[in-house]
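This report concerns only the one structure given below.
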Ligand SMILES: Cc1cc2nc3c(=O)[nH]c(=O)nc-3n(C[C@H](O)[C@H](O)[C@H](O)COP(=O)(O)OP(=O)(O)OC[C@H]3O[C@@H](n4cnc5c(N)ncnc54)[C@H](O)[C@@H]3O)c2cc1C
Ligand SMILES: NC(=O)c1ccc[n+]([C@@H]2O[C@H](COP(=O)([O-])OP(=O)(O)OC[C@H]3O[C@@H](n4cnc5c(N)ncnc54)[C@H](O)[C@@H]3O)[C@@H](O)[C@H]2O)c1
């Protein structure tokens with residue numbers, strides 16, 4: 001090991017948490033370095049959240065063209081040009097990278113491009129992207145290496161060279177028939193997008209429902225949405241083997257309710273969960289332990305088993321969302337400053353960017369029942385929100401769980417137009433500890449989607 005260069009803080013992986021830690025400490029005069037093998041700014045701006053939402057927006061435009069006649073617009077002989085879809089996304093990513101590089105410059109944090117791995121406690125050797133090696137030692141080290149698409153051991157799956165979100169977002173031709181392995185977040189968002197670009201799409205999911213952790217009315221609504229858009233949905237499918245190669249011809253063999261089935265397509269997208277990027281990074285040389293699934297073991301302040309080493313974001317087993325990885329940054333920063341912020345009991349809002357969106361914060365009915373928590377339920381169809389009539393977007397519903405013997409909001413789910421934006425209104429009320437009656441009685445602008453919170457909370461049954 002060459003003589004290490006000494007830093008106040010070294011971050012391995014430039015994801016949502018790590019870059020914020022480095023920028024913040026560097027701008028306070030600390031010597032900070034971030035080691036990144038490929039993606040300046042991590043997954044979110046390069047290959048995950050933002051590029052997928054960019055491509056999903058193109059798909060939404062395609063859906064409007066398809067529905068043109070309904071709105072009185074004759075779109076004529078329109079067609080999708082996936083090359084331009086991709087170029088629009090690439091241009092956005094380039095802009096985001098430039099924005100990140102500017103932040104590094106402004107803060108004084110150093111970005112070291114290369115593959116890093118621990119060679120000793122708090123010491124990381126980097127195989128530099130442009131050749132050579134460097135060894136960096138941090139008084140503080142933060143591991144922020146993220147996750148990658150899981151390719152499980154199903155016979156033939158790896159050999160089929162499935163697309164992941166990374167390659168799918170780079171396609172310049174829509175697949176003839178895309179098979180989507182997994183009916184969760186990545187699967188649902190990209191299935192709908194590619195269907196709208198003109199692909200035949202089949203989702204194959206092992207559970208009995210799409211987005212199976214959600215309440216049954218949510219999963220059913222998502223299934224109906226898929227079916228209405230012409231996406232084939234095959235649930236309860238236990239995949240036994242895969243044959244062929246994605247990009248040419250692929251067959252997935254599965255058993256379903258005791259019968260053998262075969263699903264055949266031209267491309268395969270692996271969207272069946274994530275594997276933490278904690279293998280091959282020398283954690284064993286640093287005293288950093290991982291759990292049975294490979295996530296770094298951390299406490300509620302994101303401290304690892306090694307003194308002076310924190311882990312944050314997806315690789316630390318935090319809920320896999322960018323806003324949570326960003327909150328992990330606040331937890332680590334607080335711990336460094338002797339503060340009390342922890343991950344315990346924090347809010348985890350999320351939004352599935354199907355069209356319409358599914359957004360949720362707090363308890364679902366399923367979770368409340370499993371935990372034995374009593375609640376009052378209010379539920380209204382999106383058609384009760386008059387704005388949806390102007391948009392011709394009647395699909396979905398709003399529901400809220402309120403405590404039975406008080407007025408606190410326990411949970412909120414929106415499946416419908418602008419669900420993600422609407423959820424933030426309820427979230428703020430929950431943060432402020434407002435009674436649900438404050439939203440019920442608020443004067444909300446007509447006709448907005450948020451106006452629907454009035455009828456929703458008016459539908460809360462009388463308390464005990
Ligand atoms: C298709 C898709 C869409 C998504 N959409 C959303 C969304 O809309 N909203 C949302 O909140 N979340 C979304 N997510 C989840 C979100 O992207 C992740 O939760 C988030 O990016 C995790 O951030 P992180 O900081 O943990 O890691 P990452 O952002 O993944 O950063 C880790 C970085 O570490 C680098 N790295 C790894 N190992 C090494 C090494 N040995 N040496 C050097 N560098 C290394 C990687 O290259 C990577 O850049 C989506 C995920 C996917 C896959
Ligand atoms: N809008 C967003 O915020 C957003 C978007 C995309 C991803 N993400 C994050 O990324 C994470 C990973 O997304 P994901 O879609 O890869 O995982 P996921 O956990 O959301 O869904 C994976 C699905 O694949 C199924 N599955 C797994 N193995 C299977 C098999 N062998 N056969 C059939 N089905 C199988 C699972 O039952 C599950 O339904 C999400 O959990 C989420 O936290 C967030």
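Answer yes or no: is there a residue in the stretch 236-247 that is under 22 Å from the mean Cα position of the chain (by Cα) and either outside any strand (DSSP E or B) or surrounded by fewer than 21 Cβ atoms within 10 Å (Cβ to Cβ) (or both).
No, the stretch 236-247 contains no residue that is under 22 Å from the mean Cα position of the chain (by Cα) and either outside any strand (DSSP E or B) or surrounded by fewer than 21 Cβ atoms within 10 Å (Cβ to Cβ) (or both).
Scan the stretch 342-400 residue by residue and report those that are within 20 Å of the chain's Cα centre (by Cα) and either in the same structural domain as residue 304 (by TED's automatic domain parsing) or within 24 Å of residue 58 (Cβ to Cβ) (or both).
350, 351, 352, 353, 354, 355, 356, 357, 358, 359
To keep it simple, each residue is scored yes or no on (1) in contact with a helix residue (DSSP H, G or I) (Cβ under 8 Å, 6 or more places away or on another chain); (2) loosely packed, with under 14 Cβ neighbours inside 10 Å.
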residue: 337; (1), (2): no, yes
residue: 340; (1), (2): yes, yes
residue: 349; (1), (2): yes, no
residue: 352; (1), (2): yes, no
residue: 382; (1), (2): yes, no
residue: 390; (1), (2): no, yes
residue: 400; (1), (2): yes, no
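Would you be able to tell me the number of residues in the stretch 23-58 that are more than 6 Å from ligand 1 (Cβ to nearest atom), more than 19 Å from residue 288 (Cβ to Cβ) and either over 18 Å from the mean Cα position of the chain (by Cα) or in a loop (DSSP other than H, G, I, E, B) (or both)?
14
Just for the stretch 270-326: of the residues that are assigned to a strand (DSSP E or B) and out of contact with any helix residue (DSSP H, G or I) (no Cβ under 8 Å at 6 or more places or on another chain), which one is farthest from residue 52 (Cα to Cα)?
309
Filter the stretch 303-314 for residues that are surrounded by 17 or more Cβ atoms within 10 Å (Cβ to Cβ) and over 20 Å from the mean Cα position of the chain (by Cα) and give the result.
303, 304, 306, 309, 310, listed by residue number.
Has the stretch 413-427 got at least one residue that is more than 27 Å from residue 211 (Cα to Cα) and either surrounded by 15 or more Cβ atoms within 10 Å (Cβ to Cβ) or without any contact (Cβ under 8 Å) to a residue 12 or more places away in the chain (or both)?
Scanning the stretch 413-427, I find no residue that is more than 27 Å from residue 211 (Cα to Cα) and either surrounded by 15 or more Cβ atoms within 10 Å (Cβ to Cβ) or without any contact (Cβ under 8 Å) to a residue 12 or more places away in the chain (or both), so the answer is no.
Given the options 220, 215, name the one that is in contact with a helix residue (DSSP H, G or I) (Cβ under 7 Å, 6 or more places away or on another chain) and within 30 Å of residue 369 (Cα to Cα).
215
Run residue 451 past the list (1) in contact with a helix residue (DSSP H, G or I) (Cβ under 7 Å, 6 or more places away or on another chain); (2) within 17 Å of residue 362 (Cβ to Cβ) and report the number of the one that doesn't hold.
The number of the failed condition is (2).
Looking only at the stretch 73-87, decide whether some residue is surrounded by 20 or more Cβ atoms within 10 Å (Cβ to Cβ) and within 30 Å of residue 10 (Cα to Cα).
No, that holds for no residue.
Look at residue 169 and say whether it is closer than 29 Å to residue 34 by Cα, surrounded by 17 or more Cβ atoms within 10 Å (Cβ to Cβ), touching a residue at least 60 places away in the same chain (Cβ under 8 Å) and not assigned by TED's automatic domain parsing to the domain that holds residue 304.
Yes: the conditions hold for residue 169.
Quick check: anything in the stretch 329-348 within 16 Å of ligand 2 (Cβ to nearest atom) and touching a strand residue (DSSP E or B) at 6+ places or on another chain (Cβ under 8 Å)?
Yes, that holds for at least one residue.
Which residue out of 396, 420 is at positive phi and in contact with a strand residue (DSSP E or B) (Cβ under 6 Å, 6 or more places away or on another chain)?
396
Looking only at the stretch 1-22, which residues are surrounded by 18 or more Cβ atoms within 10 Å (Cβ to Cβ) and assigned to a loop (DSSP other than H, G, I, E, B)?
Those that are surrounded by 18 or more Cβ atoms within 10 Å (Cβ to Cβ) and assigned to a loop (DSSP other than H, G, I, E, B): 4, 13, 14, 15.
Taking into account only those residues within the stretch 315-325 that are closer than 15 Å to residue 293 by Cβ and either over 10 Å from the mean Cα position of the chain (by Cα) or not assigned by TED's automatic domain parsing to the domain that holds residue 45 (or both), which is nearest to ligand 2 (Cβ to nearest atom)?
The qualifying residue nearest to ligand 2 (Cβ to nearest atom) is 318.
Tell me which residues, restricted to the stretch 125-148, are crowded, with 22+ Cβ neighbours inside 10 Å and either touching a helix residue (DSSP H, G or I) at 6+ places or on another chain (Cβ under 6 Å) or within 20 Å of residue 325 (Cβ to Cβ) (or both).
Once the filter is applied, which keeps residues that are crowded, with 22+ Cβ neighbours inside 10 Å and either touching a helix residue (DSSP H, G or I) at 6+ places or on another chain (Cβ under 6 Å) or within 20 Å of residue 325 (Cβ to Cβ) (or both), the stretch 125-148 yields 138, 141, 142, 143, 144, 145, 146.
Restricting to strands (runs of 3 or more DSSP E) lying wholly in the stretch 74-168: which have 3 or more residues that are within 27 Å of residue 50 (Cβ to Cβ) and within 16 Å of ligand 2 (Cβ to nearest atom)?
By residue number, 147-149.
Report, by residue number, each residue of the stretch 140-183 that is closer than 30 Å to residue 285 by Cα and within 13 Å of ligand 1 (Cβ to nearest atom).
Within the stretch 140-183, 141, 142, 143, 144, 145, 146, 147, 148, 149, 150 qualify.
Assess whether residue 214 counts as being outside the structural domain of residue 417 (by TED's automatic domain parsing), part of a loop (DSSP other than H, G, I, E, B) and more than 10 Å from ligand 2 (Cβ to nearest atom).
The answer is yes for residue 214.
When residue 220 is evaluated against the numbered criteria (1) free of Cβ contacts under 8 Å to residues at least 12 places away in the same chain; (2) not in a helix (DSSP H, G or I), which criterion, by number, is the only one it fails?
Evaluating residue 220 over (1) free of Cβ contacts under 8 Å to residues at least 12 places away in the same chain; (2) not in a helix (DSSP H, G or I) leaves (2) as the failure.
Only one of 366, 354 is in a helix (DSSP H, G or I), within 16 Å of ligand 2 (Cβ to nearest atom) and in contact (Cβ under 8 Å) with a residue 60 or more places away in the chain. Can you tell me which?
When all the criteria are applied, what remains is 366.
The values are calculated or read from the model by the stated rules, or taken from the named source; none is laboratory data. The structure presented is a predicted model; accordingly, all values stated were derived computationally and were not measured. In this analysis, Cβ positions are derived from the backbone assuming ideal geometry, glycine residues included, and neighbour counts consider all displayed protein chains.
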